[in-house]
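The values are calculated or read from the model by the stated rules, or taken from the named source; none is laboratory data. Fair warning: this is a prediction, and the values are worked out from it, not measured in the lab. Neighbour counts are summed over all protein chains in view; Cβ atoms, including those assigned to glycine, are modelled from backbone coordinates with ideal geometry. Side chains included, ligands, DNA and RNA excluded: accessible areas come from the protein's heavy atoms. Shrake-Rupley method; radii C 1.70, N 1.55, O 1.52, S 1.80 Å.
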Amino acid sequence: MSTAAAAYALPAPDGAFEKVTIERRELGPHDVLIDVKYAGICHSDIHTARDEWGGTRYPCVPGHEIAGLVAAVGSAVTRHKVGDRVGVGCMVDSCGKCAPCLADEEQYCQAGATMTYNSTVDPAVQPGGYTMGGYSTQVVVTENFVVSIPEGIGLDVAAPLLCAGVTLFSPLRHWQAGPGKRVAIIGMGGLGHVGVKIAAAMGAEVTVLSHSLSKQEDGKRFGANHYYATGDRQTFRELRGRFDLILNTVSADLPLDDYMKLLNLDGTLVILGLPENPMTVKPFTLAGYRRSLAGSMIGGIAQTQEMLDFCAQHGIGAEIELISADEIDSAYDRVVASDVRYRFVIDTATM
């Protein structure tokens, strides 16, 4: 028997969020029914809900930063039990058979991972034929895509870690951030502020590259060793050849070649934010110091669990502003205007 859940959906790209009732699929043997307590607002939610990336189906229920409690489990579930503190991130399924999936890198599934919202699924699995996300009171997810939230993190500040946290943790782990490594993070917003905390906890020397110095005090509090304003051209002269790893968390068009020149020998700049327009790097900038330009997308389920355990161990949570469901529209506008420190989280009790 399917479950009816309250949710907030956008009916059209230029519409306003409306309270609706959606059907969640019947609990299968390997499924987990989760009472959603908190849902973070990611900029990707806005891009998708407003059809800025194209292909959005309506009504759209976004949300892939989900934290809650297990309400029921299927007959074959072994990983979770009723009452467990759990989370769901950007994916809810994958093929499980390709090389990336077998390597615990489900985000790169060769068949295409099933994303938490706006992904095509069998109508028998989800009424309507596409997934609907965490801006709702309940969600049903297969147990392999549900992670445990340790007791050391509040559910509200853990919710954004399911996307923002693992998006930064994954490249920091992959490019071996730690003692002796100089790491720069471009932008200190919803993604960047979590990255500063994680990189500092890993033992790296952390520098924030932000347009202005308005968040400098916060950056130092989060663990940054240095903070520079990129609006000052002297910054690019002073920091040339400084960093081993640069993580770009912003979705704005940047003079990428200027940032690439801040890399040391064999340094890598990783693209995490996704601007709409192409970026340009001069070949000599790459060749001169054997620099690399790379990208990274969230993390696999095992790594997401590793990230949560790491954050609990180091007392890391997102900096949030808790909002009610009727504030989603205004929160979207404030995110676009960069008027949030640092992540909006919806209290689903207000639904």
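Quick notes on this structure:
- Partners for residue 19 among lysines (Cα-Cα distance below 29 Å; same-chain residues under 8 apart left out): 37
- Beta bridge orientation in the chain: antiparallel %, DSSP, nearest 5: 55
- A protection proxy built from the mean count of other Cβ atoms within 10 Å ranks the segments 324-332, 166-174, 279-287, 188-196, most packed first, as 188-196, 166-174, 324-332, 279-287.
- Relative contact order (percent, whole number), region 240-345, Cα cutoff 8 Å, 6+ residue spacing: 21
- Between 0 and 90°, nearest 10: helix 301-314 axis offset from the chain longest Cα axis: 70
- Here the spin labels are modelled as points 7 Å beyond Cα on the Cα-Cβ line, and at residue 98 and residue 290 they lie 3.2 nm apart.
- Dipole of the chain [Lys/Arg +1, Asp/Glu -1 at C-beta], most positive-end residue of 130, 274, 247: 247
- Rounded Å value of the spacing that divides the Cα centres of region 90-146 and region 23-83: 10
- Measuring nothing but alpha carbons in region 50-181 and taking Rh as the Kirkwood radius, the Rg to Rh ratio lands at 0.98.
- In this structure, the pairs whose alpha-carbon distance is over 30 Å, taken from 220/261; 81/220; 97/197, are 81/220; 97/197.
- For region 164-295, size of Cβ-based charge dipole, Lys and Arg +1, Asp and Glu -1, in debye: 300
- Derived scalar couplings ³J(HN,Hα) [region 325-340; Karplus, 6.51 cos²θ - 1.76 cosθ + 1.60; whole Hz; x for Gly, Pro]: 4, 6, 9, 4, 4, 5, 5, 4, 4, 6, 4, 4, 8, 6, 10, 8
- Under 14 Å of direct C-alpha separation, and excluding same-chain neighbours fewer than eight residues apart, residue 181 reaches these aspartates and glutamates: 205, 244, 266.
- GNM flexibility winner over the chain from 200, 71, 252 (Cα, springs under 10 Å): 252
- Viscosity 1.002 mPa s, 20 °C: Kirkwood-radius Stokes-Einstein D of region 1-114 over Cα pairs, µm²/s: 135
- Counted over all Cα-Cα pairs of the chain, pairs farther apart than 25 Å make up 51 percent.
- Cleavage-rule hits, GluC sites (Glu not before Pro), region 66-174, DSSP coil, Cβ neighbours within 10 Å at most 10: 151
- 1.4 Å probe accessible area per residue over region 164-295, in Å²: 44
- Diffusion coefficient, µm² s⁻¹, Stokes-Einstein with Kirkwood Rh over alpha-carbon pairs of region 211-289 at 25 °C and 0.890 mPa s: 181
- Most to least packed among 54-64, 19-29 [average Cβ atoms within 10 Å]: 54-64, 19-29
- Shape of region 164-295, Cα gyration tensor, a/c cut at 1.5: rounded
- Total formal charge among the other residues, if their Cβ is under 15 angstrom from that of residue 78, Lys/Arg +1 and Asp/Glu -1: -1
- Carbon + sulfur, % of accessible area of the chain - ligands and nucleic acids excluded, 1.4 Å: 49
- Rounded tilt (10° steps) of 164-174 against the dominant C-alpha axis of the chain: 50
- In this structure residue 52 has an accessible area near 80 Å², from a 1.4 Å probe over the protein heavy atoms.
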